[in-house]
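Take a look at the structure set out below.
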Amino acid sequence: MQLSEGVEWAVHSCTMLAGLDADQALTTTQLAEFFDLPRDYLAKHLQALSNAGLLAATRGRSGGYRLARPASEVTLRDVMIAIEGSRPSFRCQEIRQRGLSGQPRACYRRACGIARAMWAAEKVWLAELEKTTLAALIAEAAREVSREQKAAIARWLGRET
């Protein structure tokens with residue numbers, strides 16, 4: 001399985017927005033500039049996050065995006081589903097009903113072991129994503145990001161250190 005790059009962009013954008021002061025918001029243009037991303041493509045992802053209720057958008061001179069709820073209440077699963085959708089990754093085609101040994105649907109009372117294993121794995125994967133909040137990612141980054149990068153971000157946000 002390969003997730004689109006939009007998931008990474010969305011998570012990074014959300015963590016940046018989570019660090020804003022209550023009266024701040026960032027525009028699509030600002031986020032695209034900060035991360036050196038294509039503005040129009042990022043805009044689609046930010047709109048998806050907004051439609052999912054993860055971001056709040058405001059219009060006007062000081063408009064832009066900010067998190068719609070606390071970072072401790074937004075999980076990686078929330079972001080991933082907002083960008084990729086909620087359809088299962090594995091889609092069983094029931095090929096055992098086709099071909100030389102295929103039998104009618106009535107012969108198969110339950111999904112095959114392959115489908116059950118794939119669905120079980122996806123359930124575990126989604127549960128793991130549900131355990132990681134933006135707040136946890138931000139706390140981890142606070143320990144890992146260099147002082148120089150933290151200072152550069154603060155300057156960019158207008159918070160001189």
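Relative to the longest principal axis of the Cα atoms of the chain, helix 113-131 runs at roughly 20 degrees.
Ordering 17, 85, 70 by Cα displacement along the dipole of the stretch 1-122 toward the positive end leaves 85 in first place; charges were set at the Cβ atoms of Lys, Arg (+1) and Asp, Glu (-1). Using a ≥ b ≥ c from the Cα gyration tensor of the stretch 13-53 (square roots of the eigenvalues), is it rounded, prolate or oblate, where a/c under 1.5 gives rounded and otherwise the larger of a/b and b/c decides, a/b for prolate? Because a/c hits 1.5 or more and a/b fails to exceed b/c, the stretch 13-53 counts as oblate. Note on the chain: with a GNM built from Cα contacts shorter than 10 Å, the maximum mean-square fluctuation among 23, 78, 40 falls on 23. Would you mind checking the tilt of helix 5-18 against the longest principal axis of the Cα atoms of the chain, expressed as 0 to 90 degrees and rounded to 10? In the chain, helix 5-18 runs at an angle near 40 degrees to the longest axis. A dipole drawn for the chain from +1 and -1 charges on Cβ atoms has a positive end, and of 101, 7, 27 the residue lying farthest that way is 101.
Look at the alpha carbon pairs under 8 Å that are at least 6 residues apart: their mean separation over the length of the stretch 3-104 gives a relative contact order of 30 percent. The modelled label-to-label distance between residue 155 and residue 143, using points 7 Å beyond Cα along the C-beta direction, is 2.8 nm. Partners of residue 150 within straight-line reach, counting aspartates and glutamates whose Cα lies under 18 Å from its Cα and excluding those fewer than 8 residues away in the same chain: 21, 33, 36, 140, 160.
Label point of residue 135 set 7 angstrom out along Cα-Cβ; within the stretch 1-39, amide nitrogens under 14 Å from it belong to 18-19. Taken about its Cα centre, the stretch 121-161 carries a charge dipole of roughly 220 debye when the Cβ of each Lys and Arg holds +1 and the Cβ of each Asp and Glu holds -1.
All of the numbers you see were taken from the coordinates with simple rules; none came from a lab. Note that the coordinates shown come from a computational prediction; the quantities given were computed from them, not determined experimentally. With ideal geometry, Cβ positions are generated from the backbone for all residues, glycine too; neighbour counts draw on all protein chains shown.
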